[in-house]
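Engineer: Okay, here's the structure, questions in a sec.
The values are calculated or read from the model by the stated rules, or taken from the named source; none is laboratory data. Every value quoted in this text rests on a predicted model; they were computed, and no experiment measured them. Here the Cβ positions follow ideal geometry from the backbone for every residue, glycine too, while neighbour counts run over all protein chains shown. Surface accessibility is based on the protein's heavy atoms, side chains included, excluding ligands, DNA and RNA. Shrake-Rupley method; radii C 1.70, N 1.55, O 1.52, S 1.80 Å.
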Amino acid sequence: MLQCIFLLSDSGEVMLEKQLTGHRVDRSICAWFWDQVVSQGDSFKQQPVIASPTHYLFQIVREGVTFLACTQVEMPPLMGIEFLCRVADVLSDYLEGLNEDVIKDNFVIVYELLDEMIDNGFPLTTEPNILREMIAPPNIVSKMLSVVTGNSSNMSDTLPGATASCVPWRTTDIKYANNEVYVDLVEEMDAIINRDGILVKCEVYGEVQVNSHITGVPDLTLSFTNPSIMDDVRFHPCVRFRPWESHHILSFVPPDGLFKLMSYRVKKLKSTPIYVKPQITSDDGACRVNVMVGIRNDPGKMIDSITVQFQLPSCVLSADLTANHGAVTIFSNKTCTWSIDRIPKDRTPALSGTLLLETGLKRLHVFPTFQVGFRIQGVALSGLQLDKLDLRVVPSRLYKGFRAFTRSGLYEVRS
């Protein structure tokens, strides 16, 4: 049971406080929390569960906003973390973004959503489709009416019918002239390559996203060609677990619109689509840098939006870096970004130049880590393949579509 939720800005200011039970949680817990953040740095903010002298704390950080929940009783920690993630997702969807200014401009909407999403410390209504029927998203017209009438509430007078349904994520009176359902495989590749060029870690985090616009209450089944490669699967509440457990088939009644059907990981991959080969040598107060980028394993589709970013060591006074393809930018915080976009066929992109070290320092002792970014349309690098999507009751004029998309996640090359 959660007792209170706080929303903190990136400076530690309490932007919003929602007491959930009769036991009031004092704001001093936020001061203690932020003192720990200042003293311990990012390592403290990466801990999802924290034991303070008086409370257990759950935290997530989204776009500089810290969602902090407090409790003094024993409860499943994943429930608190999952609820905060759902709150952040709903607010981002409602407010079309998530930052300090947006939250302060929409205090009433945020409080109304929290009133419906949690009751007496326990999660209640967290489905976006139902919440949209209960509380209208903010728009220019509603803001003008609130100024004129003085009524800032967007709350509906009627209770959505789906709240009493066995499929609360979907209403029963949906009608479309054209029935469509699209399935997207969206993947992020995480990789670590050591200074000898050896692949230490390579895995893919993926999501199956569905965009459904179908009349009535459709019953869908989605199957994969090779489902055994997936680990750490996580499902939307609409998925029936028994068919997956027995046959690895996703059987579900989808919410209306775009939603995340499931997430997964594919571990221990053996190769990456591109290579980055840094070479750094230093002597007599100067340092020579050479970085080459190329295609290691051709995925069969164009690799674009390729970037290489690294942080210059603090002992570097100045840098003179150029590239034979793309643009090199060095920012005031000593972050260097090399934007390549696409690899040309006639030459291998290369970055080279010199770094001037501090006076008295002969050699470079701290070597940078290179962060690599890329994007590939039409390919799932995990190798996961969709087999088929079936509907038990097929409406007239049904359109189905499949897409795949892969981008880089935490892709590091060490030097």
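Engineer: Sort 79, 117, 292 from largest to smallest accessible area, using a 1.4 Å probe on the heavy atoms of the protein chains. Don't skip to the end; give the middle numbers.
Structural biologist: Details: 79 65, 117 0, 292 85 Å².
The most accessible residue leads, giving 292, 79, 117.
Engineer: Out of the GluC sites (Glu not before Pro) in region 1-102, which ones are loop residues according to DSSP with at most 14 other C-beta atoms within 10 Å?
Structural biologist: Answer in residue order: 13, 63, 74, 96.
Engineer: I would also like to ask the following. I'd like the trypsin sites (Lys or Arg not before Pro) in region 339-415 restricted to DSSP loop residues with at most 11 other Cβ atoms within 10 Å, sorted by number.
Structural biologist: 345, 347, 362, 392, 397
Engineer: Can I ask one more? Can you give me the % of accessible surface on region 2-147 that is carbon or sulfur? Probe 1.4 Å, all protein chains present, nothing else counted.
Structural biologist: Ligands and nucleic acids excluded, carbon and sulfur reach 53 percent.
Engineer: Can you give the Rg and Dmax of region 172-323 based on its C-alpha atoms, in angstrom?
Structural biologist: Calculated on Cα positions, Rg and Dmax stand at 22.8, 76 Å.
Engineer: Stretch residue 385-residue 232 to full length: gain in nm at 0.36 nm per residue minus the Cα-Cα span?
Structural biologist: Gain in length upon complete extension: 53.4 nm.
Engineer: Please report the spacing between the Cα centers of region 54-105 and region 262-281 in Å, no decimals.
Structural biologist: After rounding, the separation between the Cα centres reads 31 Å.
Engineer: So for region 2-147, Kirkwood radius off the Cα pairs, Stokes-Einstein at 20 °C and 1.002 mPa s: how many µm² s⁻¹?
Structural biologist: 136
Engineer: Heavy atoms only, probe 1.4 Å: what % of the accessible area of region 272-375 goes to carbon and sulfur, would you let me know?
Structural biologist: On the way: 2680 of 5590 Å².
C and S atoms contribute 48 percent here.
Engineer: In percent, how large is the relative contact order of the chain, given Cα pairs closer than 8 Å and 6 or more residues apart?
Structural biologist: 14
Engineer: Quickly estimate the mean residue ellipticity at 222 nm for the chain, helices only: each DSSP H run with n ≥ 4 gives -39500 (n - 2.57), and the total goes over all residues, rounded to 500.
Structural biologist: -5500 deg cm²/dmol
Engineer: Which value in nm describes the separation of the simple spin-label points at residue 332 and residue 292, placed 7 Å from the Cα toward the beta carbon?
Structural biologist: The modelled label-to-label distance comes out at 3.7 nm.
Engineer: Per residue Cα convex hull volume for region 265-388, in cubic angstrom?
Structural biologist: 130
Engineer: Looking only at region 183-219, which residues have a backbone nitrogen under 13 Å from a spot 7 Å from the Cα of residue 397 in the C-beta direction?
Structural biologist: In region 183-219, the label zone of residue 397 (backbone N under 13 Å from the point 7 Å along Cα→Cβ) covers 215.
Engineer: Output wanted: per-residue J couplings in Hz (rounded whole) for region 88-101, from phi through Karplus 6.51 cos²θ - 1.76 cosθ + 1.60, θ = phi - 60°, x for Gly and Pro.
Structural biologist: Once θ is set to phi - 60°, the couplings for region 88-101 become 4, 5, 5, 5, 5, 6, 5, 8, 6, x, 8, 7, 4, 5 Hz.
Engineer: Fully extended, how many nm does the chain gain between residue 247 and residue 10 (0.36 nm per residue separation, minus their Cα-Cα distance)?
Structural biologist: The span from residue 247 to residue 10 would gain 80.7 nm if fully extended.
Engineer: Separate question: To the nearest 10 degrees, how steep is helix 140-149 against the longest Cα principal axis of the chain, on a 0 to 90 scale?
Structural biologist: Value to nearest ten degrees: 50.
Engineer: Extension gain residue 366-residue 105, at 0.36 nm per residue separation less the Cα-Cα distance, in nm?
Structural biologist: So the extension gain works out to 89.5 nm.
Engineer: Taking the 0 to 90 degree range and rounding to the nearest ten, how far is the long axis of helix 28-40 tilted relative to the main principal axis of the chain, both from C-alpha atoms?
Structural biologist: The two axes meet at around 20 degrees.
Engineer: How large is ³J(HN,Hα), in whole Hz, for each residue of region 216-225 in order, when computed from phi with the Karplus curve 6.51 cos²θ - 1.76 cosθ + 1.60 and θ = phi - 60°, using x for Gly and Pro?
Structural biologist: x, 10, x, 10, 10, 10, 10, 10, 10, 6
Engineer: Next question. Looking only at chymotrypsin sites (Phe, Trp or Tyr not before Pro) in DSSP loops with at most 14 other Cβ atoms within 10 Å, what is the longest site-free stretch of the chain?
Structural biologist: Maximal segment without exposed cleavage sites: 1-175.
Engineer: Still on this structure, please answer the following. For the chain, set up a GNM with springs between Cα atoms under 10 Å and report which of 68, 78, 384 has the largest fluctuation.
Structural biologist: In this elastic network of the chain, the residue with the biggest mean-square fluctuation among 68, 78, 384 is 78.
Engineer: Ranked from the most accessible area to the least, with a 1.4 Å probe and all protein chains present, what is the order of 110, 394?
Structural biologist: 394, 110
Engineer: If you don't mind, there's one more thing I want to ask. Taking amide H positions as placed in the peptide plane 1.01 Å from N, state which residues far from residue 179 in sequence (5 or more) or on other chains have amide H under 5 Å from it.
Structural biologist: Those lying under 5 Å, H to H, from residue 179 are 399.
Engineer: Now for a separate question. How compact and how long is the chain, expressed as Rg and Dmax of its alpha-carbon atoms in Å?
Structural biologist: Final numbers for Rg and Dmax: 25.4, 78 Å.
Engineer: Given a 1.4 angstrom probe, what's the average accessible area per residue across the chain, in square angstrom?
Structural biologist: Spelled out: the 1.4 Å probe surface of the chain, per residue, equals 51 Å².
Engineer: Going by Cα centres, region 167-202 and region 333-362 are how many Å apart?
Structural biologist: 33
Engineer: From the backbone phi of region 121-136, what are the Karplus-calculated ³J(HN,Hα) couplings (6.51 cos²θ - 1.76 cosθ + 1.60, θ = phi - 60°) in whole Hz, Gly and Pro given as x?
Structural biologist: x, 10, x, 10, 10, 10, 7, x, 5, 5, 4, 5, 6, 7, 10, 6
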